[in-house]
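**Student:** Input: one structure, supplied below.
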Amino acid sequence: PETAFIHPTGHNQPAVEAWLTQVTAKIVEYLSGAAKQTPLPTVTDPPAIALPESSVAAETLTQQLDSILKSAMNPAHPGYLGHMDPLPTTASILGDWVTAALNNNMLSVEMSPFFSRLEPLLMREIAHLFGLGDRAGGLLVSGGSLANLQALAVARNVKLGCVAAGLAACEQPPVFFVSEAAHTSIKKAAMMLGLGTDAAIAIPTNANSQIQVGALKDAIATAYQQGQRPFALVATAGTTVTGNIDPLPELGAIAHSHDLWFHVDAAYGGALIFSDDYRDRLSGIEQADSVTFNPQKWLYVTKTCASVLFRNLETLHRAFRVGAPYMNTDDDWVNLGEISVQGTRHPDILKLWLSLQHLGKQGYRQLIAANFALTAVFVEAVQQRPFLTLASQPEMNLVCFRGCPDWLSRDQWDNWNRTLQDHLLEQAQCFLSLPYYRGHYWLKAVLLNPFTTTTEIHRLFGAIDQFAATSCQAAM
């Protein structure tokens, strides 16, 4: 077909421009009307798959986009409150489009000459915001799970000295410590690093889903007594279910006193470094040896955009770098594929840089402040209803709660909450997720969308009251 590729001499420019313009118009039309769609569509049938023998017309493909758009998750809807998945900044959409068109490869400097320079410079600036020091830096990876994996791989290599010989050289079983409320990627990392999931020793949490410091100290002592080799401590700044932050100052001090690598998974909560009013909640993160931070969450950058930062970037080079002899080298710039879990990688740095330029620190401060203000309204509404209870005291813009109606027996509460989730989507056009936590089902709201207002919150709680009244009457 004429538009299969964009001709480098411009022979098919009018046809390509027409097609891109049509698709752009559809995207903008859909996103501009996202509030009129459902937050979470129901897809009952799998997509029809056909591999045609000959070309399908561009016009036909464009028409098929309508059903695809309407069948996708809709985080732009003001009632989409279920997960840490925001609508994207306009600048990041454009950045993704530009990098897709250029198709550069972050494997090496010669395959991405501009982006391979932009990424380390911007990562250094962000690492400085975390207070990691003048030798800090990092790189982008495709998701927080890979960021945690790379951080723990470096921790293992540094603390156990196993870059070349591997774990076979370890005389004692290596272990590390992590909150029982930590992201599942931590256990996956332990498995993938040859440690086994049992090596990630889960530490009990308090009522606010934070690591119990006393229990951590006991676990460290027990590990030494059992002949194990502790090498790292993982803290969380923004747990997935409740959004709570571990006591970072205390954990950092414990890690350093035992010569443990201190990693902080701030995939979500790391955005607080942009807030003058709330960044103190990350106090202690400056002690970290490594940090996971995902701009694809609270910075509203299109997926994927995640980062792993290191207090000393040279440590990453020494403990992880494997040279690629088939690639040219640059005296001043490293081939990022040599120090990353990934080789070939999309240039996610442009959309992050464009978003930061377009919104500025002030824009992100305003967004975070608005999120916290809306969270306060939400929390107050929960506390005003005696049949609702919070899972913890919220520390960010995430509220985890559940219904505990006294007109039903306790063994009916989980089903009540599951049914309430469906009711809210159908009656209030509000989607809350339903995490399983502490042996029960909870409802989770993430107040992230800048277009969610108190109107949506009042509509949601009006639907909750209606559901509760109907449920109570039926139980009588």
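**Student:** Under a point spin-label approximation (7 Å from Cα along Cα-to-Cβ), what is the residue 389-residue 169 distance to one decimal in nm?
**Tutor:** The modelled label-to-label distance comes out at 5.2 nm.
**Student:** With 5 Å bins from zero, work out the P(r) of region 313-438 over every alpha carbon pair and list the percent per bin.
**Tutor:** 2, 8, 11, 12, 11, 8, 9, 10, 9, 8, 7, 4, 2, 1, 0
**Student:** Give me the percent of accessible area attributable to carbon and sulfur for the chain, probe 1.4 angstrom. Each step should come with its number before you reach the end.
**Tutor:** Working: 11930 of 21990 Å².
Solvent-exposed carbon and sulfur of the chain make up 54 percent of the total.
**Student:** On the full set of protein chains, 1.4 Å probe, figure out the accessible area of residue 224 and give it in Å² to the nearest 10.
**Tutor:** Accessible area of residue 224: about 100 Å².
**Student:** While we're looking at this one, here's another question. Using only alpha carbon pairs under 8 Å that are at least six residues apart, calculate the relative contact order of region 417-476 and give it in whole percent.
**Tutor:** Contact order relative to length: 32 percent.
**Student:** For residue 258, what accessible area in Å² do you get when you roll a 1.4 Å probe over the heavy atoms of the protein chains, rounding to the nearest 10?
**Tutor:** We get 70 Å² for residue 258.
**Student:** Taking the alpha carbon gyration tensor of region 166-249, what are the square roots of 5 times its eigenvalues, largest first, to the nearest whole Å?
**Tutor:** For region 166-249, the ellipsoid semi-axes come out as 23, 15, 8 Å.
**Student:** Something else about it: Which percent of the Cα-Cα distances in the chain go past 36 Å?
**Tutor:** Here the tail beyond 36 Å accounts for 37 percent of pairs.
**Student:** Sorted from largest down, give the three principal axis spans of the alpha carbons of region 128-200, whole angstrom values.
**Tutor:** 38, 29, 21
**Student:** Can you order the peptides 38-45, 106-113 by their average number of other Cβ atoms within 10 Å per residue, highest first?
**Tutor:** Result, highest mean first: 106-113, 38-45.
**Student:** Could you give the spread of the C-alpha atoms of region 363-420 along their three principal axes, from largest to smallest, in whole angstroms?
**Tutor:** The Cα atoms of region 363-420 stretch 47, 20, 17 Å along their principal axes.
**Student:** Ranked from the most accessible area to the least, with a 1.4 Å probe and all protein chains present, what is the order of 410, 281?
**Tutor:** Order by accessible area, largest first: 410, 281.
**Student:** Leaving ligands, DNA and RNA out of it, rank 26, 351 by accessible area with a 1.4 Å probe, largest first.
**Tutor:** 26, 351
**Student:** Could you give the length gained by full extension between residue 330 and residue 9, i.e. 0.36 nm per residue of separation minus their alpha carbon distance, to one decimal place?
**Tutor:** So the extension gain works out to 112.4 nm.
**Student:** Here is a follow-up. In percent, what relative contact order does region 228-364 have, based on Cα pairs under 8 Å that are 6 or more apart in sequence?
**Tutor:** 18 percent
**Student:** Moving on. Against the empirical 2.2 N^0.38 Å scaling, what ratio does the C-alpha Rg of region 13-67 come to? Walk me through the intermediate numbers first.
**Tutor:** Values: Rg = 14.2 Å, N = 55, 2.2 N^0.38 = 10.1 Å.
With N residues counted in region 13-67, Rg over 2.2 N^0.38 Å equals 1.40.
**Student:** I'd like to verify something in the chain: which complete DSSP H helices, judged by Cα projection on the helix axis, reach 15 Å or more and average at least 1.6 on the Kyte-Doolittle scale?
**Tutor:** Sorted by number, there is nothing, because no helix extends far enough and scores high enough.
**Student:** Report, largest value first, the span of the C-alpha coordinates of region 12-159 along each principal axis, in whole Å.
**Tutor:** Sorted largest first, the three principal extents are 55, 42, 29 Å.
**Student:** What relative contact order, as a whole-number percentage, does the chain give when Cα pairs under 8 Å and 6 or more residues apart are counted?
**Tutor:** Computed over the chain, the figure is 20 percent.
**Student:** Just by accessible area at a 1.4 angstrom probe, what is the order of 331, 66 from largest to smallest?
**Tutor:** Order by accessible area, largest first: 331, 66.
**Student:** How large is the direction-averaged shadow of the alpha-carbon convex hull of region 315-373, in nm²?
**Tutor:** Averaged projected hull area, Cα only: 6.5 nm².
**Student:** Can you pull a Stokes-Einstein diffusion coefficient for region 248-293 at 25 °C (0.890 mPa s), Rh from Kirkwood over Cα pairs, as a whole number of µm²/s? Show your work: numbers first, answer last.
**Tutor:** On the way: Rh = 10.8 Å.
D, rounded to a whole number, is 227 µm²/s.
**Student:** Hand me the GluC sites (Glu not before Pro) from region 23-102 located in a DSSP loop with no more than 16 other Cβ atoms within 10 Å, in residue order please.
**Tutor:** 53
**Student:** Taking the full set of protein chains and a 1.4 angstrom probe, give the accessible area of residue 358 in square angstrom, rounded to the nearest 10.
**Tutor:** Counting only protein heavy atoms, residue 358 exposes about 130 Å² to solvent.
The values are calculated or read from the model by the stated rules, or taken from the named source; none is laboratory data. What you see is a predicted model; the values in this text were computed from it and never measured. Every residue, glycine as well, gets a Cβ built from its backbone with ideal geometry; the counts of neighbours run over all protein chains shown. What goes into the accessible areas is simple: the full protein's heavy atoms, side chains included, and nothing from ligands, DNA or RNA. Shrake-Rupley method; radii C 1.70, N 1.55, O 1.52, S 1.80 Å.
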